Amino acid sequence: MSPLELIAEDGVVRPDMSDQSPLAIRGLTVSYGQSPAIFSVDMTVVPGSMTAIVGPNGAGKSTLLKAALGIVRPLAGQVTVFGTTLATQRARIAYVPQRASVDWDFPTRVVDVVVMGMYRELGLLGRLRGSDRARAMACLQRVGMGDFADRQIGRLSGGQQQRVFLARALAQDADLYLLDEPFAGVDAATEKAIITVLKGLKDDGKTVVAVHHDLATVPEYFDHVMMINVRKVAEGSVSDVFNEAALQTTYGGRLGTQQIDRLSRARA
Amino acid sequence: MLWDALTFQLGYNATLVAIGAALLGLSAGATGTFLFLRKRALVSDAISHATLPGVGLAFILMVAFGGEGRNLPGLLLGSAVSAGLGLLGVSWLTRHTRLGEDAAIGAILSVFFGAGIVLLTVIQTMGAGRQAGLEDFLLGSTAGMLYSDAVLITVGGALVLALVGLLHRPMVLVAFDADYAASAGVNTARVDIAIMGLVMAITVVGLKVVGLILIIALLIIPAVAARFWTNSAGAVALVAGAIGGVSGYLGSAISASAPGLPTGPIIVLTAFTIFVGSLLLAPERGVMAAILRHFAFQRRVHVRQGLLAIAQGQAIYEQLTIRLLVRAGLARPDGVATDLGRSRAAKALRDEARWEVVRRHEAFSGTAALYDGLREIETVLTPDQVAEVDMLLGAPESTA
């Protein structure tokens, strides 16, 4: 890495954090077909931060997460996790995909989904012990779904489904949590439950990165933000970079005045 | 006669066939479940049709090298190779062209099957081919089942079942949520290959008994039928195995009990009968259960609407509503409410008002989602919360 990159635009020299960063991305490009979904994106997640990834539809937010996790193969670029390769650090990363990405009529109960978070630990044939089951139940209780353990997943509301996905990630007992639109289409109670859990993770020293679509709640929920529209627009603490100019660049002037008003009120 | 067949008293060969078919059904049902859960049931079509050219080529090769063309292990090896090629073809077409998997399956299936038929026709004209009996691989034939064939099915089926047991966790994980599985380090492409490879193994093993066309049914029907009875992936596999096993055993027994009944088709029809029974009778997902649920719901709606009409002093015109109210002792046959009906009506009206409050106030947003116009408020709120709602409602006169 050239020393130039360590000097930010404000001229302050910052130490290269990528060795300690839970997730450091360099020059990542992913393309479906001929046009890139993300192009040469750099990102250095601050340890212990809560980072929002924001950007318009089709900006490559989900793709960025998937490429960071090795779910889609990048055309170019590097991903470093906790200072080393992704393959050696899988157990320390928990992923919460978009709720709509699975078939909720799949024959499985709520608690079984949470137990899936432990498959890695259990191995192919490892017996599920009572203590494992208790841990799964504890994860469900943390997201307020303790009473639903035996319910078929198809009989849950959207918000409840999202909470079950979060409980599955909690069961992994990871250090880095990557969430794809955890607040999309959920009820107010779920949103509150999820943000409480995420803030609890941060308090325990974990790192949380979430794709987020509601700009108004960014300052309230997150301390760091990554703004992306195929290319990276801005990255840093919410107070430093989450401003109207950066948002207009990210959204290409597509933000209405109403949205800007709401944002400035939220930031005030 | 059927009883004799069911109790293995129709002789050595019928017994052999029944046991072999039951084992085949068991392993096919359990294995096919994962293909079904992965939503790739059609892949079994491509796999099974792609076995045919391999059977033909293996026969020709074995005869050419002076061997016995009908040697079953040799024929099955050939079928496995060509099914494997077909599988590679499907996944290559899906991954590297713009064709969807359905189109790729259609292309591979018809090309391989066509090639196989051509080869069988060629074999017919060969000197050694007259009694080859390779057409049996299309629809299956158990008449000439040898002890060694039964051993092959048993060993092959048991091996596949053991692998299914070993791999069930990654297979369920990939079937439910492939992206999450990949994030946990599971090689989803390899798991998909494993699922299809196991299905291929079952197809090859089952070619002789039910034939390449009907093995598809034995892979998919048990899983689809089992899905009606349980909500857990592991249980679907177990129930599907049981349904497949019972179908194989019952079907072969039925076909042995009368002359001229083809074994493979009877096995498949037995499985299909179990499927239809499941479709109709399953307690939660079945058609009957759905109809009963619908009528129960309709009755609740009518009673509720009737009570609200009474509370607001409106006349009830619908005969069904009146009948239901009368049956519940809430109204007289002429539509006039009883005392019980009037008090329940007042309660219904009050509940409506309470629900209004619940839906207006953010503090109850979780509860508000449960509103369906039918629920009694006490079923979703604690007495304290109901009191709180009543306070918000203003007039705290108690009607409940």
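No lab work stands behind these numbers, since they all come straight from the coordinates. Note that the structure is a prediction, hence the values are computed from the model and not measured. All Cβ positions, glycine included, derive from the backbone under ideal geometry; neighbour counts span all protein chains shown.
Annotations for the structure displayed:
- Neighbour-limited loop hits for trypsin sites (Lys or Arg not before Pro), the stretch A:57-141 (at most 16 other Cβ within 10 Å; DSSP other than H, G, I, E, B): A:Arg127, A:Arg129
- Restriction of the chymotrypsin sites (Phe, Trp or Tyr not before Pro) in the stretch B:35-119 to DSSP coil positions whose beta-carbon has at most 15 other beta-carbons within 10 angstrom yields B:Phe65.
- Centre-to-centre separation between the Cα atoms of the stretch B:1-26 and those of the stretch B:229-264: 12 Å.
- Residues of the stretch A:47-73 with an amide N closer than 18 Å to a point placed 7 Å from the Cα of A:Ala87 along the Cα-to-Cβ direction: A:67-73.
- Taking the convex hull of the alpha carbon positions in the protein assembly as shown and averaging its projected area over all directions gives 40.6 nm².
- Alpha-carbon Debye profile of the stretch B:164-321, log10 I(q)/I(0) at 0.11, 0.14, 0.15, 0.20 Å⁻¹: -0.63, -0.82, -0.89, -1.22
- Amide H partners (placed H, <5 Å) of A:Val233, local residues excluded: A:Met227, A:Ile228
- Charge dipole (Cα centre; +1 on Lys/Arg Cβ, -1 on Asp/Glu Cβ; no other charges) of the stretch B:183-335 amounts to roughly 380 debye.
- Two-decimal Rg/Rh across chain A, once Rg and the Kirkwood Rh are taken from alpha-carbon atoms: 0.97
- Using a Förster distance of 56 Å, the FRET efficiency for B:Leu85-A:Asp147 (Cβ separation, nearest 0.05): 0.60
- Put the Cα centre of the stretch A:141-161 next to the Cα centre of the stretch A:25-70 and the gap is 30 Å.
- Computed from backbone phi with θ = phi - 60° and the Karplus coefficients 6.51, -1.76 and 1.60, the 3J(HN,Hα) list for the stretch B:77-93 is 4, x, 5, 5, 4, 6, 5, x, 4, x, 4, 4, x, 4, 6, 5, 4 Hz; x is used for glycine and proline.
- Number of partner chain Cβ atoms within 10 Å, mean per residue of B:228-236: 4
- Candidates A:Gly60, A:Gly130, A:Gly27, ranked by Gaussian network fluctuation over chain A, Cα under 10 Å, top entry: A:Gly130
- Value of Rg/Rh across chain B [Cα atoms, Kirkwood radius]: 1.20
- A Förster radius of 22 Å, combined with the Cβ-Cβ distance separating B:Asp339 from B:Ala315, puts the computed FRET efficiency at roughly 0.70.
- When the protein assembly as shown is described by a simple charge dipole with +1 on each Lys and Arg Cβ and -1 on each Asp and Glu Cβ, the residue from B:Leu26, B:Leu42, B:Gly341 located farthest towards its positive end is B:Leu26.
- Less than 5 angstrom separates the built amide H of A:Ala37 from those of A:Val30, A:Ser31, A:Tyr32, all sequence-distant by 5 or more or on a different chain.
- Per-residue HN-Hα couplings for the stretch A:196-201 [Karplus 6.51, -1.76, 1.60; θ = phi - 60°; Hz; x = Gly/Pro]: 4, 4, 5, 5, x, 4
- Calculated from backbone phi, Karplus (6.51, -1.76, 1.60) coupling profile of the stretch B:241-247 in Hz, x at Gly/Pro: x, 5, 4, x, x, 4, 4
- Most mobile of B:Leu374, B:Leu42, B:Leu261 in a GNM of chain B (Cα contacts under 10 Å): B:Leu374
- Here's the picture: charge each Lys and Arg Cβ at +1 and each Asp and Glu Cβ at -1 in the protein assembly as shown, and of B:Gln9, B:Pro262, B:Gly313 the one pushed furthest to the positive end of that dipole is B:Gln9.
- Label point distance in nm, B:Thr188-B:Ala290, each placed 7 Å from Cα along Cα→Cβ: 2.9 nm
- Taking amide H as placed 1.01 Å from N in the peptide plane, A:Leu23 has its amide H under 5 Å from the amide H of A:Val45, A:Phe82, each at least 5 places away in sequence or on another chain.
- The protein assembly as shown, dipole about Cα centre (Lys/Arg Cβ +1, Asp/Glu Cβ -1), debye to the nearest 20: 840 debye
- Computed FRET value (nearest 0.05) for A:Ala134 with B:Leu261, which takes r as the C-beta separation and R₀ as 51 Å: 0.40
- Compactness of the stretch B:261-400 as Cα Rg over 2.2 N^0.38 Å, two decimals: 1.53
- Euclidean distance of C-alpha centroids, the stretch B:294-332 and the stretch A:79-126, integer Å: 50 Å
- In plain terms, the bigger the Kirkwood radius, the slower the diffusion; for the stretch B:51-92, with that radius from Cα pairs, at 20 °C and 1.002 mPa s, Stokes-Einstein puts D at 210 µm²/s.
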